[in-house]
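Colleague: My structure is below; once you've seen it, I'll send some questions.
The values are calculated or read from the model by the stated rules, or taken from the named source; none is laboratory data. None of the values given here were measured: they were computed from a predicted structure. So basically every Cβ, Gly included, is an ideal-geometry build from the backbone, and we count neighbours across all protein chains shown. To get the accessible areas, we keep the full protein, side chains included, count just its heavy atoms, and leave off ligands, DNA and RNA. Shrake-Rupley method; radii C 1.70, N 1.55, O 1.52, S 1.80 Å.
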Amino acid sequence: MSLFDSVVNILPDLNKAFLETIYMVGISLAVALLIGLPLGVLLFTTTKNLIFENNVVNRSLGFAVNIVRSIPFIILLVALLPLTDLLTGSTIGPRAASVSLSVSAIPFFARIVESALREIDKGVIEAAIAVGATPWMIIKDVLLPEAKPGIIQGLTLTTISLIGYSAMAGTIGGGGIGDLAIRYGYYRYDNTVMITTIVVLICLVQIIQMVGDKASYLVNKR
Amino acid sequence: MIEIRSVRKDYISKNTRVVGVDNVSLTIQTGEVYGIVGYSGAGKSSLIRCLNLLERPTKGNIIIDGIDLTSLSGKELRKQRQKTGMIFQHFSLVSSKTVFENVAFALKAAHKSKGVIKSRVLELLDIVGLSDKKDVYPAQLSGGQKQRVGIARALANNPTVLLCDEATSALDPTTTKAILQLLKKISRELGITIVLITHEMEVVKELCHRVAVMQDGRVIEEGSVYEIFSQPKQQLTKQFISSVLDFELPSHLIEESKGTIIQIQFEGPTAGESILSDALQKYSVKGNILHGKIEYIQDVPLGILIIELIGEAAEVQSALEYITNRTSSVEVLKHVTV
């Protein structure tokens, strides 16, 4: 069988796996954005001398975030199986894998948002306080726009990490490109599939990085 | 009127207590331009930041037009802050917003409608001379232009007080002059009370009516700008004044001179009179001007002249007395008679 034929042979599988990966990463990214972004803002604004200064909240959130971040993903994957079953009614398939991917993406992204916010000139926040803006206005009109380039870069970083993690989720039946690579490439010694999936992943990561960089550049007015 | 009553501000870090502002009481009249000078670390920045509660005083009260800021709730304080504009040394503009949006932000904070915001922003940009830059981002502006945006933002909600935190310290001399002119115009035309802190006496001379000198968190001297310039009492004040009125003569000039060297200070109207030429005509003494300057502080002249008097001892003495009686101060730097 020629190389071309074997690539054509796996195309349907590859296509399905690709869509599964996009699905898993997409859901986790949406959850990370929805929960991680506010969490990051909260982590930042509760620090000393800021609008919601609150040491207890800041320490507790920071502690919780660190805990999730210190658990290796493969262990988190297994540990969250009961939760996954509860939320999705199954422990296999891309939908199930999205649960643990989301859980690990939230604190990761929250920390990135926090550090992007830290880069903002404190004087700008002070000036907003001095004109009598409400905390909500400061977040919406100063903090988020000023941190936007950093947040977009963080989103790119999170997406690429999620693609890597989604391969691990594949090992316990999550599906996706990583799963394909392991099933065909590793268990069946099919180098063609292995290399094809790697090429697909490389292209995907390159495109995401390029788009992310461009978007971050476009919103940066500094 | 702004009343600062026994304000104290402590900073606590790692079990040590650092006093930023130490029991300062000042009264600033409505419409006045009030300067606070001091070296960095003197507490002037902490003090001005207490005036809109960016820093909450550890002790004491800040009362603006009868309202005690330290007693206000969050919402009331935000309302009060809209009536107190502030501009900053590093301008502190939102880099992701255009000039228009930066100014509009202040009006949005005051819950103004879109239509009102639009016309008011354009009006403000006209006042500060930036109408053509409304859609530009701060990064594309020069320092002076950024500060103009800062001023427009500070004036947005028709404040009664404008706080200037080293507003010209990051600008070059020419731009500084232009910004000071703008502040002068604002003070004159809008009648806003301006409180500014600076380490540049030039700024005080140019703009202020009254001035306080701060050292180690305390106000060590206070008075009208003319008083402070003409009769500084504290060593530190004299140091500050010397940056504007500096009369260092080269030492060899003093050594080589043949006559008596005196430094005369003229104040107010006497600066315009011809005391010196009268003295030289009256007595047979030659006068030789070595150094001199007349500064106009709030349009009142303050002159300092260093002259060498050459003549016979008795004549020099009489001329010296004549001048001493008619000017505010005469200091003999070197006494030599032929």
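Colleague: DSSP beta bridges in chain B, what fraction antiparallel, as a percent rounded to 5?
Modeller: Bridges in chain B are about 70 percent antiparallel.
Colleague: Angle between the Cα long axis of helix A:144-169 and the longest principal axis of chain A, 0 to 90 degrees, nearest 10?
Modeller: It is inclined by approximately 30 degrees.
Colleague: Work out how much length A:T171 to A:K122 would gain on full extension: take 0.36 nm times their residue separation and subtract the Cα-Cα distance, in nm to one decimal.
Modeller: Computed gain between A:T171 and A:K122 is 13.1 nm.
Colleague: Among A:V31, A:V205, A:V57, which one shows the biggest mean-square fluctuation in a GNM of chain A, springs joining Cα atoms closer than 10 Å?
Modeller: The residue that fluctuates most here is A:V57.
Colleague: Principal axis extents for chain B, Cα atoms only, whole Å, descending order, please.
Modeller: Result, largest extent first: 80, 50, 35 Å.
Colleague: Compute the Cα gyration tensor for the stretch A:80-222, then decide on rounded, prolate or oblate, letting a ≥ b ≥ c be the square roots of its eigenvalues: rounded whenever a/c is under 1.5, prolate when a/b is larger than b/c in the other cases, and oblate in all that remain.
Modeller: Cα axes put the stretch A:80-222 in the oblate bin.
Colleague: Here is a further query. Roughly what angle does helix B:313-326 make with the longest principal axis of chain B, taking Cα atoms, 0 to 90 degrees, to the nearest 10?
Modeller: Long axis of B:313-326 versus the principal axis of chain B: about 30 degrees.
Colleague: Pairs of Cα atoms under 8 Å, at least six residues apart: use those to get the relative contact order of chain A, whole percent.
Modeller: Contact order relative to length: 27 percent.
Colleague: With +1 on each Lys and Arg Cβ and -1 on each Asp and Glu Cβ, and nothing else charged, work out how big the dipole of the stretch A:144-222 is about its Cα centre, in Debye to the nearest 20.
Modeller: Once rounded to the nearest 20, the dipole reads 220 debye.
Colleague: Shifting gears a bit: In Å², rounded to the nearest 100, what is the total accessible surface buried by chains A and B against each other with a 1.4 Å probe?
Modeller: In total, this chain pair buries about 2000 Å².
Colleague: Viscosity 1.567 mPa s, temperature 4 °C: what is the translational diffusion coefficient of the protein assembly as shown from Stokes-Einstein with a Kirkwood Rh over Cα pairs, rounded to a whole number of µm²/s?
Modeller: Estimated diffusion coefficient is 45 µm²/s.
Colleague: Moving to a separate point now. If you take each beta carbon of peptide B:146-153 and count the beta carbons of other chains within 10 angstrom, what is the mean?
Modeller: The mean count of partner-chain Cβ atoms within 10 Å per residue comes to 1.
Colleague: Measure nothing fancy, just the Cα-based angle from helix B:114-127's long axis to the longest principal axis of chain B, in degrees from 0 to 90, nearest 10.
Modeller: Orientation of helix B:114-127: about 10 degrees from the principal axis.
Colleague: Continuing with this model, one more query. What is the average number of partner chain Cβ atoms found within 10 Å of a Cβ in B:88-100?
Modeller: 5
Colleague: Which one, A:A167, A:A110, A:A30, has the greatest fluctuation when you compute a Gaussian network model over chain A with C-alpha springs under 10 angstrom?
Modeller: A:A30
Colleague: Pairs B:K118/B:K146; B:K44/B:K97; B:K238/B:K282: which are spaced more than 23 Å apart, C-alpha to C-alpha?
Modeller: In this structure, B:K44/B:K97; B:K238/B:K282 lie more than 23 Å apart at Cα.
Colleague: With viscosity set to 0.692 mPa s at 37 °C, what whole-number translational diffusion coefficient in µm²/s follows for the stretch B:56-138 from Stokes-Einstein and a Kirkwood radius over Cα pairs?
Modeller: After rounding, the answer is 223 µm²/s.
Colleague: One quarter of the convex hull surface, Cα atoms only: what value does that give for the stretch A:1-144 in nm²?
Modeller: Its Cα hull, projected and averaged over all orientations, spans 12.2 nm².
Colleague: Using only the Cα atoms of the stretch B:280-329, build the gyration tensor, take square roots of its eigenvalues as a ≥ b ≥ c, and label the shape rounded, prolate or oblate: rounded if a/c is under 1.5, else prolate if a/b is larger than b/c, else oblate.
Modeller: Verdict is prolate for the stretch B:280-329.
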